[in-house]
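Structure first, then comments.
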Amino acid sequence: MKNQPKTEPATLIVSMGLTALTVGLMEEYDQTWAKILITLLFIFSGEATIMLYWSIILPLIKAELENSITITSIKVKKKFRVVLAIIRLYCELQLKILLFRSNIREIRLFGYISAFIAFLIFYIGIPIKIVSSLIDSYFSSPN
């Protein structure tokens, strides 16, 4: 039996909470140092959450996919195949769940992948929103 560290759910919840908290605090402070600190907190807590999700999902996906590809040493063409295989796996899991032919492991994997995608959209969407609001405020200000 291998002694591999397991991701603690509490760690994942704390990093997600920190990310959400920093989003709420972004517009609260006018000081530059506070905005820099909150932005750094957002970046690091968001990256931690994404990596913790990935550490949970990756072994499950590896076990589910037929060909055991090591994700860290894949060339560009193979990476595209892995992404397609993960998308296919996600669609198959969703279909199995809708047809009531899934087990608990598949439901759990589907939930982890869905939560990872949702958090990734949230994490990528907030910087896009910030850049968009900066551009809007720059062009709307009187010169």
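Working only with C-alpha atoms, what are the Rg and Dmax values of segment 1-62, expressed in angstrom?
14.9, 53
Past 22 Å, Cα to Cα, is the threshold; run Lys62/Lys96; Lys6/Lys129; Lys6/Lys62 against it and keep the listed order.
Numbers: Lys62/Lys96 19 Å; Lys6/Lys129 34 Å; Lys6/Lys62 16 Å.
Check vs 22 Å cut-off fails for Lys6/Lys129.
Helix-only estimate, please: 222 nm mean residue ellipticity of the chain, summing -39500 (n - 2.57) across DSSP H runs of length 4 or more and dividing by its residues, to the nearest 500.
-27500 deg cm²/dmol
Under a 1.4 Å probe, what is the accessible area of the chain per residue, stated in Å²?
76
Could you state the principal axis extents of the C-alpha atoms in the chain, from the largest down, to the nearest angstrom?
Here the spans come out as 60, 35, 33 Å, largest first.
Angle check, please: helix 104-140 long axis (alpha carbons) against the longest principal axis of the chain (alpha carbons), in degrees 0 to 90, nearest 10.
20
Could you give the size of the charge dipole of the chain about its Cα centre, using +1 on the Cβ of each K and R and -1 on the Cβ of each D and E, expressed in debye and rounded to the nearest 20?
940
Take the solvent-accessible surface of the protein heavy atoms, probe 1.4 Å, and return the percent of it on the chain that carbon and sulfur atoms account for.
Solvent-exposed carbon and sulfur of the chain make up 68 percent of the total.
At 1.4 Å probe size, put Phe100, Phe110, Phe42 in order of accessible surface, largest to smallest.
Largest accessible area first, the residues go Phe100, Phe110, Phe42.
The values are calculated or read from the model by the stated rules, or taken from the named source; none is laboratory data. Fair warning: this is a prediction, and the values are worked out from it, not measured in the lab. Quick reminder, even Gly has a Cβ in these numbers, built from the backbone with ideal geometry, and neighbours come from all protein chains shown. Each accessible area value is taken on the protein alone, full model and side chains, heavy atoms only, with ligands, DNA and RNA left out. Shrake-Rupley method; radii C 1.70, N 1.55, O 1.52, S 1.80 Å.
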